[in-house]
Amino acid sequence: MAKVRKAVSGASKKPRSVKQQTPSSAARAKAFDALTSVFEERAEHLSRDELAQWTTYTQHDESIIDRLMGPGAKLISGPRGSGKSTLLRTAFFRLVQARDSLPIYVNYAKSLALEPLFHTQANALQLFRQWLLMKIVLGAAEAFREMELPAPEDLAKLSVRAAQLVSQLATGNAPTELAAPLSPKELSERLESWMELKGLRRCVLLLDDAAHAFSPEQQREFFEVFRELRSRRISPKAAVYPGITSYSPFFHVGHEAETIQAWYRPDEPGYLPAMRALVTRRLPAELASQFTDRVELIDFLALACFGLPRGFLNMISEVLGVGEGETTKPTRQRAEAAVAAHADSVRGIFRALAAKLPRYRHFVDVGKELEAGMVRTLKEYNRLQVDAGAKASVVALEEPISAEVERMLNMLEYAGVVRKVGTVSRGVKGRFQRYTVHHSIVASENALSLGRSYTLAAVIDALRARTSHAFTRTKESSLLSRGWEKRCTLALPPCAKCSTPRMAEEQHFCMKCGAPLTDVSIYEDLLRTPISLLPLTQRKIDGILNSTKIRTVHDLLLDDERQEVRKVRGVGPFWAKQIRTIAEEFVSV
């Protein structure tokens, strides 16, 4: 399951140095730091021991891990927080321990930082391919260190060159020429030789954050490299996102690689016991014991997180008040507030697509209306259902679905707002595509129509309902206002010289002045994004704007020591770290 870092606020003033602290206050600070560390959200930041100690696995997890450790190419799919990194890292450490294969873990989360090269460098595609391959070289060197085996001599030399190139590209200092560029075929041959030298039977490539979702050129190039590296003894696995991942023309999902779903289903048997076990293993005993008589709160949050463990631990920390610097007793009121905040956070990921995919910003605007329409139709359906077990969180859209609505649904699925659960036929009534709406949105909007005074048990029963008949049928025209089609147009950048609107996406020259039409860098645009568009609470945004000089995402990233953001009232070391993480994720995949 995914690991969650919960943002933790400190005191409004800077903490005293260790020398100034009394022994009791120093002990409290140390204990609090230990507590907040258990909410680390990124699995790639956890050690082998932390991953083993803090993670609980379901039978479904174990099945996925076995497939990731085995032969064949695999794509592990799921939105942010679904546990893809945790499963990949677990497979890596188990292979390290087994010592019969060469496991290589690589994280490509910062790939978008290379996107400006495609607007300034003629050899950008070649540079990006080298970056992909050299990251694997560095991963191979790390694998030998983890297995406590001496690295082959040629790997040691190549890893020095790889580290230099990766560092150059990370800082935007792209070399004009590449000395002895590495090809996928050459890398495959080297991997084979390293395996032979150490008596290893297979190489397993565990490629995390591999779907370079906001740069089509990068996505296509990655999957070409993925396809070329695959062989009888080299088994690549890649983490991708549902909905918006696009593949190269020669990469056919199902044929080139099998897709594995990492996204938990809240209605699966054993789901709630697994989430309860996660609380027991992750939290200190004295905090976990506070839920002993409030198991319904755990179940409520587990169902509201919609099968995304990162969101679950995030809400657990909210309920315990970890972000306020001092833990509090869990209550239903705090749980409902945490669910509402999580719902807004999920929506924030979708809203952020307007900046990450500027051409589709009109689709994001209409997509918000589509989500509201789905919530509205659930309310109308559930109002007629007396039994909590008959309530629905699934909306069935009648086919055919227009390409525009299909695009919006894909984007909503990427953000985790909805989840496609298959199609169903109703004979003469038609064929329908079913989508489950995120449970935190369903719960916070009272889309279950449970009335004014309802128990948590009623919410839990409704969200756990597994009947295949509990869904509402509708049409896209019923969910959207009249004339929505005219608003679903691509927002193409105008001519940079004369500002004449672009007529078509494939247009290369201005219709008026004849100047070449170029696309702006998505990455550079994201850096210029106002912090008001980040998935932060309005209170935090107002605090940053009123107390600091920070105005853009770039400003946040330049605040390396987090001294500027620490000026905000209620932002301590952990909240400062969380805010920076949010900014980093905003400009990553």
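Observations
- Verdict on Q563 being free of Cβ contacts under 8 Å to residues at least 24 places away in the same chain and open to solvent by 70 Å² or more (accessible area, probe 1.4 Å): yes
- Sole residue being among the hydroxyl-bearing types (S, T, Y) and in contact (Cβ under 8 Å) with a residue 60 or more places away in the chain, chosen from S477, S453, S444, S499: S444
- Under the condition of being in contact with a Leu (Cβ under 7 Å, 6 or more places away or on another chain) and open to solvent by 10 Å² or more (accessible area, probe 1.4 Å), the residues counted in segment 259-286 number 3.
- Any chance E148 is surrounded by fewer than 16 Cβ atoms within 10 Å (Cβ to Cβ), within 26 Å of D100 (Cα to Cα) and among the acidic types (D, E): yes
- Wholly within segment 438-522, helices (runs of 4 or more DSSP H) carrying at least 3 residues that are modelled with pLDDT of 90 or more, open to solvent by less than 60 Å² (accessible area, probe 1.4 Å) and under 24 Å from G348 (Cβ atoms): 439-444
- Of everything listed in (1) surrounded by fewer than 15 Cβ atoms within 10 Å (Cβ to Cβ); (2) among the basic types (K, R); (3) closer than 23 Å to C305 by Cβ, the single unmet condition for R431 is (3).
- Test: residue in segment 245-255 that is in contact with a Gly (Cβ under 9 Å, 6 or more places away or on another chain), surrounded by fewer than 21 Cβ atoms within 10 Å (Cβ to Cβ), on the phi < 0 side of the Ramachandran plot and touching a residue at least 24 places away in the same chain (Cβ under 8 Å): no
- The lone criterion from (1) open to solvent by less than 30 Å² (accessible area, probe 1.4 Å); (2) part of a helix (DSSP H, G or I) left unmet by K237 is number (2).
- Taken over segment 171-219, the criterion of being in a helix (DSSP H, G or I) and free of Cβ contacts under 8 Å to residues at least 24 places away in the same chain is satisfied by E186, E189, E196.
- Residue selected from segment 278-303 under the condition modelled with pLDDT under 95 and under 22 Å from the mean Cα position of the chain (by Cα), by the criterion nearest to K329 (Cα to Cα): V279
- For segment 446-480, the set of residues classified as closer than 19 Å to M315 by Cβ and in contact with a strand residue (DSSP E or B) (Cβ under 9 Å, 6 or more places away or on another chain) consists of A447 only.
- Qualifying positions in segment 566-576 - surrounded by fewer than 16 Cβ atoms within 10 Å (Cβ to Cβ) and not small (G, A, S): R569
- Selected residue (only one of E369, E413 is surrounded by fewer than 17 Cβ atoms within 10 Å (Cβ to Cβ) and either touching a His at 6+ places or on another chain (Cβ under 6 Å) or among the acidic types (D, E) (or both)): E369
- Per the listing V386, V428, the residue uniquely farther than 30 Å from T245 by Cβ and in a helix (DSSP H, G or I) is V428.
- Evaluation of R161 against (1) touching a residue at least 24 places away in the same chain (Cβ under 8 Å); (2) surrounded by fewer than 12 Cβ atoms within 10 Å (Cβ to Cβ) (one fails), failing number: (2)
- Evaluated against (1) part of a helix (DSSP H, G or I); (2) aromatic (F, W, Y); (3) open to solvent by 20 Å² or more (accessible area, probe 1.4 Å), F300 falls short on exactly one condition, (3).
- Per the listing A113, A109, A156, A122, the residue uniquely of a type in the set (G, A, S), at pLDDT below 95, open to solvent by 10 Å² or more (accessible area, probe 1.4 Å) and more than 30 Å from V520 (Cβ to Cβ) is A156.
- E148 satisfies every condition listed in (1) part of a helix (DSSP H, G or I); (2) within 22 Å of E50 (Cβ to Cβ) except (1).
- Cβ pairs under 6 Å, 6+ apart, first in segment 123-152 and more than 16 Å from Q219 (Cβ to Cβ), second among the aromatic types (F, W, Y): G139/Y105; A151/F144; P152/W194
- Only one of the listed residues (S63, S101, S85) is within 23 Å of E224 (Cα to Cα) and either surrounded by fewer than 20 Cβ atoms within 10 Å (Cβ to Cβ) or small (G, A, S) (or both). That residue is S85.
- Taking first residues from segment 330-349 that are among the polar types (S, T, N, Q) and partners that are in a helix (DSSP H, G or I) and open to solvent by 20 Å² or more (accessible area, probe 1.4 Å), no Cβ contact under 6 Å between residues at least 6 apart in sequence or on separate chains turns up.
- Matching residues in segment 309-322 - criterion: being open to solvent by less than 10 Å² (accessible area, probe 1.4 Å) and either touching a Gly at 6+ places or on another chain (Cβ under 7 Å) or farther than 26 Å from R265 by Cβ (or both): P309, G311, S317, L320, G321, V322
- If only residues of segment 325-360 that are more than 26 Å from P573 (Cα to Cα) and modelled with pLDDT of 90 or more are counted, the one that is surrounded by the fewest Cβ atoms within 10 Å (Cβ to Cβ) is Q333.
The values are calculated or read from the model by the stated rules, or taken from the named source; none is laboratory data. The structure presented is a predicted model; accordingly, all values stated were derived computationally and were not measured. Neighbour counts run over all protein chains shown; Cβ positions are idealised from the backbone, glycine included. The protein model used for the area step is the full one, side chains on, heavy atoms only, and it has no ligands, DNA or RNA in it. Shrake-Rupley method; radii C 1.70, N 1.55, O 1.52, S 1.80 Å.
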